[in-house]
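The structure appears below as structure tokens.
The values are calculated or read from the model by the stated rules, or taken from the named source; none is laboratory data. Since this is a predicted model, take the numbers as computed values, not measurements. We place every Cβ from the backbone using ideal geometry, glycine too, and count neighbours over all the protein chains shown. All accessible areas refer to the heavy atoms of the entire protein, side chains included, with ligands and DNA or RNA removed. Shrake-Rupley method; radii C 1.70, N 1.55, O 1.52, S 1.80 Å.
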Amino acid sequence: MSIVYILMILLGVIGIGLSFWGQGSLRPPFDTISAIGLPLSLIVGLMGVLLLCVPHFFG
């Protein structure tokens, strides 16, 4: 399961980077979609870190 958690962390970091890039370079409405993706990517990355450090946090 730790591979899944590491993939969640990587997905979150890549999503944060792409969201910051998209907000500055894309035209509306795609910049708004990118702005919505930023907190979602942050949540996915933080959940991956939490579950990697404390594997049975929710169970």
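Brief remarks follow.
- A 1.4 Å probe, protein heavy atoms only, puts the accessible area of Val13 near 90 Å².
- Sum of side-chain charges, Trp21 neighbourhood, beta-carbon under 15 Å (Lys, Arg +1; Asp, Glu -1): 0
- Of all accessible heavy-atom area on segment 1-53, the percent that carbon and sulfur account for (1.4 Å): 82
- Excluding ligands, DNA and RNA, the accessible surface per residue across segment 1-49 is 71 Å² with a 1.4 Å probe.
- Nearest-ten-degree value, helix 30-53 long axis tilted from longest Cα axis of the chain: 10
- Between helix 2-25 and the chain: long-axis angle, C-alpha atoms, 0 to 90°, nearest 10: 10
- The mean of 1/r over all distinct Cα pairs in the chain, once inverted, gives the Kirkwood hydrodynamic radius of 11.9 Å.
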